[in-house]
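These notes are about the structure you will find just below.
Read-outs: derived from the displayed coordinates by stated rules, not from any lab. Only a predicted model underlies this, so the values are computations on that prediction, with no experimental measurement involved. So basically every Cβ, Gly included, is an ideal-geometry build from the backbone, and we count neighbours across all protein chains shown.
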Amino acid sequence: MVDIFERDLAGEFVSTDDPEYEILYSAIMDTMNKCRELNNGIHSDEEIREIFSEIIGEEVDETFTLMPPFYIDYGKNLKIGKNVLIQQLCTFMDRGGITLEDGVFIAPKVNLTTLNHDFNPENRSATQAKPIVLKKNVWVGIGATILPGVTVGENSIVGAGSVVTKDVPDNTIVAGNPARFIKRIDE
């Protein structure tokens, strides 16, 4: 039998009425408690990496930098490369899987959300997850939001305040709501 975590990651609708929902909810609350530990008090870079590694369930590279506060709903579906920087006040909803490849730069107040609710009003409490992938050397500007199922290509830039609803090709700058092509980055 496939458990709720596998079904959630696979993109199936998961409802609060699901018999296993309490298990998922408990895991989310555990992660939120670890985030409180991360976000309260003053920690060295090493302590931040240690607490963050506990949150995601695997050790991050020593080149990883996080500036709390930081918020995440589940944590175990977040994959982090080397030389990744996440600035303060970011919110990641990673139940669908978030991958940050090497050299990704995340400005403050960025939202990465892999979840969307069912459009059917009778099932609105159900969520469906789709992964987000930020390829090598992506820069996401302050206050940007990246929605479920989006891949941002290598070296690309997402402008401040943008809402990214579709994939972004390599070496491209996008901005706006919804984000649209601005220009290619000369190689």
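With only alpha-carbon atoms in the gyration tensor, what are the semi-axes of the equivalent ellipsoid for the stretch 101-150, in Å, largest first?
Working from the Cα gyration tensor, I get semi-axes of 27, 12, 6 Å.
Could you tell me the convex hull volume per residue, in Å³, taken over the Cα atoms of the stretch 1-110?
99 Å³
Of the peptides 102-108, 11-17, 163-169, how do they stack up when ordered by the mean number of other Cβ atoms within 10 Å, highest first?
102-108, 163-169, 11-17
Work from the charge dipole of the chain (Cβ charges, +1 for Lys and Arg, -1 for Asp and Glu, about the Cα centre) and give the residue of 57, 185, 84 farthest towards its positive end.
185
Please report, in debye to the nearest 20, how large the charge dipole of the stretch 141-187 is about its Cα centre when each Lys and Arg carries +1 at its beta carbon and each Asp and Glu carries -1 there.
For this selection, approximately 240 debye.
Within straight cross-link reach of residue 109, meaning Cα distance under 19 Å, which aspartates and glutamates are found once same-chain residues fewer than 8 apart are removed?
73, 94
Which value results for Rg/Rh of the stretch 77-187 when Rg is the Cα radius of gyration and Rh the Kirkwood radius based on the inverse mean 1/r?
0.99
Equivalent-ellipsoid semi-axes (√(5λ), Cα gyration tensor) for the stretch 125-180, whole Å, largest first?
Over the Cα atoms of the stretch 125-180, the ellipsoid semi-axes are 19, 13, 9 Å.
Could you tally the net charge around residue 101, taking each other residue with its Cβ under 14 Å from the Cβ of residue 101, Lys/Arg +1 and Asp/Glu -1?
Residues near residue 101 contribute 0 overall.
Distance from a point 7 Å along Cα→Cβ of residue 67 to each backbone N in the stretch 122-165: keep the residues under 15 Å and list them by number.
From the stretch 122-165, the list is 140-144.
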